[in-house]
1. Consider the range 24-56. How many of its residues are assigned to a loop (DSSP other than H, G, I, E, B) and surrounded by 12 or more Cβ atoms within 10 Å (Cβ to Cβ)?
2. Of all residues in the range 4-23, how many are surrounded by 13 or more Cβ atoms within 10 Å (Cβ to Cβ) and either assigned to a strand (DSSP E or B) or in contact (Cβ under 8 Å) with a residue 24 or more places away in the chain (or both)?
3. (1) assigned to a strand (DSSP E or B); (2) surrounded by 11 or more Cβ atoms within 10 Å (Cβ to Cβ); (3) at pLDDT 90 or above: which one isn't true of residue 60, the others all being true?
4. Residue 25: modelled with pLDDT of 65 or more and touching a helix residue (DSSP H, G or I) at 6+ places or on another chain (Cβ under 9 Å), yes or no?
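The values are calculated or read from the model by the stated rules, or taken from the named source; none is laboratory data. Just so we're clear, the structure is a prediction, and the values are computed from it rather than from any experiment. Cβ coordinates were reconstructed from backbone atoms using ideal geometry, including for glycine residues, and neighbour counts include every protein chain displayed.
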């Protein structure tokens, strides 16, 4: 299984600490999970958890040619 319960644990800790949660945990198209909370002085805090089980690596390095290529996937 590729998902993690880390963001759920952070969510629970913040709820127990009476932190103002501004959105539920949402899963984006790229598999990342996200929610927003309010910080000191009304600062908007975004908590984001990337899926660590990607089918295509985000960065690839070719040792033979010493070139670096990045995957430019978007979340749309």
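1. Residues meeting the conditions: 8.
2. Result for the range 4-23: 5.
3. Among (1) assigned to a strand (DSSP E or B); (2) surrounded by 11 or more Cβ atoms within 10 Å (Cβ to Cβ); (3) at pLDDT 90 or above, the lone unmet condition for residue 60 is (3).
4. Working: modelled with pLDDT of 65 or more: yes; touching a helix residue (DSSP H, G or I) at 6+ places or on another chain (Cβ under 9 Å): yes.
It is true that residue 25 is modelled with pLDDT of 65 or more and touching a helix residue (DSSP H, G or I) at 6+ places or on another chain (Cβ under 9 Å).
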